[in-house]
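See structure below.
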Amino acid sequence: QQDVDDYRKSLAIRVSGFDVPKPIKVFKDCAFSTALMKAITKQGYEKPTAIQCQALPVGLSGRDIIGIAKTGSGKTAAFVLPMIVHIMDQPELTKEEGPIGVICAPTRELAHQIFLEAKKFAKLNGIRVAAVYGGMSKLDQFKELKAGCEIVVATPGRLIDLLKMKALTMMKATYLVLDEADRMFDLGFEPQIRSIVGQIRPDRQTLLFSATMPYKVEKLAREILSDPVRVAVGEVGS
Ligand code: ADP
Ligand code: MG
């Protein structure tokens, strides 16, 4: 335990929560499939970043996460890799309709970046990723969702529009990510986030990531996550 504490300290990782899984040192510690390891290597990722060292084992264990780390620290892979494993673990991929993983981000640019990163890891595993955000044809996105996907990356407003149009159902969704939660609050998306969360089954795994953790964001996290592990890296403002 002292070793684990020292290792966390060396990476400026602070954790809280019940029974927190140990941080990893190398990607191999996660026992990823060969295909996923290949994708990680292909990305040029030699070793996990600090947030990845702690968030990957927590996410892979099925726990909810409140993740706080500054921009550029590798948060995307920290939630996408466990999402891919979660999807690959599902007994049947195509029986029912709708995505298994849902990722919400505040802006179309961020949603698009996550979409690109998710696709790199998803493709080798035959997992389909759809991106839905404003500024692009709603009809095209409607059709793409109807064609089927396992992961959807969305801005909150557009996702709600498409849910109303019945372009997708979230019946099968069991892994929800709220990325850049602080910015979603700043942009006034709290009602949309609450609406989306309310449409996803309560036994889901929920991961909330943010560069900062103002009180109102932490409060929402505590409401919609179950028994989360909180992982904070470095100096973070509140
Ligand atoms: P954040 O969401 O925390 O701002 P990103 O997930 O967008 O950060 O990652 C920032 C950059 O770092 C991206 O270009 C990403 O491909 C790269 N990256 C992520 N993880 C690693 C890693 N383990 N090794 C090297 N580069 C990485
Ligand atoms: Mg990010």
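Quick note: the coordinates plus some simple rules give every number you see, no bench work behind them. Predicted model, so just to flag it, every value in this text is computed and none were measured. Cβ coordinates were reconstructed from backbone atoms using ideal geometry, including for glycine residues, and neighbour counts include every protein chain displayed.
Overview of values
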| quantity | calculated |
| --- | --- |
| Sole exception among (1) more than 16 Å from ligand 1 (Cβ to nearest atom); (2) without any contact (Cβ under 8 Å) to a residue 60 or more places away in the chain; (3) not polar (S, T, N, Q) for ASP182, by number | (1) |
| Answer from PHE27, PHE115, PHE32, PHE79 - the residue that is of a type in the set (Phe, Trp, Tyr), in contact with a helix residue (DSSP H, G or I) (Cβ under 9 Å, 6 or more places away or on another chain) and under 30 Å from LYS146 (Cβ atoms) | PHE79 |
| Residue in the range 180-187 that is under 18 Å from ALA130 (Cβ atoms), within 16 Å of ligand 2 (Cβ to nearest atom) and crowded, with 18+ Cβ neighbours inside 10 Å present | no |
| Where a residue in the range 140-159 is more than 17 Å from PHE79 (Cβ to Cβ) and its partner, wherever it lies, is in a loop (DSSP other than H, G, I, E, B) and polar (S, T, N, Q), with Cβ under 7 Å and at least six apart | none |
| Selected residue (criterion: nearest to GLY44 (Cα to Cα)) from residues of the range 8-26 that are free of Cβ contacts under 8 Å to residues at least 24 places away in the same chain and outside any loop (DSSP other than H, G, I, E, B) | SER10 |
| Per-region count, the range 99-111, residues surrounded by fewer than 17 Cβ atoms within 10 Å (Cβ to Cβ) and either outside any loop (DSSP other than H, G, I, E, B) or more than 15 Å from ligand 2 (Cβ to nearest atom) (or both) | 1 |
| Neighbours by Cβ (under 6 Å, 6+ apart or cross-chain): first from the range 36-64, part of a loop (DSSP other than H, G, I, E, B); second crowded, with 20+ Cβ neighbours inside 10 Å | PRO48/PHE27; GLY62/GLN205; ARG63/VAL229; ASP64/THR206; ASP64/LEU225; ASP64/PRO228 |
| Hey, LYS123 surrounded by fewer than 20 Cβ atoms within 10 Å (Cβ to Cβ) and away from ligand 1 (no atom under 16 Å from the Cβ) or not | no |
